[in-house]
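Have a look at the structure below before the remarks.
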Amino acid sequence: GLHQEVELRLTRSHRLTGYGGVVWKRPPGDPDDNAFKPRVGLEYDRRLRGGQRFKLNVRHEWNREKLERGNYRRWKVETSYELPATASSTVELGVEYRIKRYGARFVEIDDEDFLRRDYRWNLSASWRHRFLRRLVFDVTYEFETRDSNDPEKRFGAHAVTFGLEYEL
């Protein structure tokens, strides 16, 4: 894939980043799953007083496969808010919403065909703690849910992850 971004520093505490990219998907064994996936987006980053930070990101993606059934367009909007909890730890809260609209995948509802649409929400909360100078521990809780006009594709899932990171 290829990816390019341009950052504009409006002031010391306001940044705007535009980005775009493309991914070529070529899984082995099934050429029908090959895909061309361009995307563009815009991110606003606001640094607030006291080490707080607010981000807002909007992205548009396309998926083009050999079989039309796999073609879709997706919009994603995500926001996060980060604040210091102590001198060496931070808390981050995030919300993400995605809508995916298929161009040629249909769902039958009451004996009538409709183009499939999926809606996803992802809510997250994480805590990061720095040990020493370069070691960071984090724990994250996420709840993700998908609603769709295809009743078989609806779900909700909880996840807790732990990470240990060494920064060079």
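The values are calculated or read from the model by the stated rules, or taken from the named source; none is laboratory data. Keep in mind it's a predicted model, so treat the numbers as computed, not measured. As a convention, Cβ positions derive from the backbone with ideal geometry for all residues, glycine included, and neighbour counts pool all protein chains shown. Side chains are part of the model used for accessible areas, which takes the heavy atoms of the whole protein and leaves out ligands, DNA and RNA. Shrake-Rupley method; radii C 1.70, N 1.55, O 1.52, S 1.80 Å.
The slack in the chain from V6 to R26, taken as 0.36 nm per residue of separation less the alpha-carbon distance, amounts to 4.4 nm. What the phi angles of the range 30-43 give under the Karplus curve with 6.51, -1.76 and 1.60, with θ = phi - 60°, is a coupling list of 9, x, 5, 8, 4, 8, 10, 10, x, 8, 9, x, 9, 10 Hz, glycine and proline written as x. Debye sum, Cα scatterers, the chain, no solvent: what log₁₀ I/I(0) at q = 0.10, 0.15 1/Å? The calculated log intensity ratios at q = 0.10, 0.15 Å⁻¹ are -0.55, -1.08. Expressed as a whole percent, the accessible area of the range 93-168 that falls on carbon and sulfur atoms is 54 (1.4 Å probe). Our estimate of slack between E165 and F54, defined as 0.36 nm per intervening residue step minus the Cα-Cα distance, is 37.7 nm.
What net charge do the residues around S88 carry, taking every other residue with its C-beta under 12 Å from that of S88, with Lys and Arg at +1 and Asp and Glu at -1? Numbers along the way, then the final one.
On the way: positive: R128, R130, R133; negative: none.
Its environment carries a net charge of +3.
Selection among P84, P28, V95 by position relative to the dipole of the range 24-110 gives P84 as farthest towards the positive end (Cβ unit charges, Cα centre). Accessible area per residue for the range 49-168, computed on protein heavy atoms with a 1.4 Å probe, is 68 Å².
Leaving ligands and nucleic acids out of the surface, order I109, I99 by accessible area at 1.4 Å, largest first. Intermediate values should be presented prior to the final figure.
On the way: I109 60, I99 25 Å².
Ranked from most to least accessible, the order is I109, I99.
Residues of the range 49-76 with an amide N closer than 17 Å to a point placed 7 Å from the Cα of N34 along the Cα-to-Cβ direction: 63-71. Ligands, DNA and RNA left out, the 1.4 Å accessible surface of the range 1-66 is 54% carbon and sulfur atoms.
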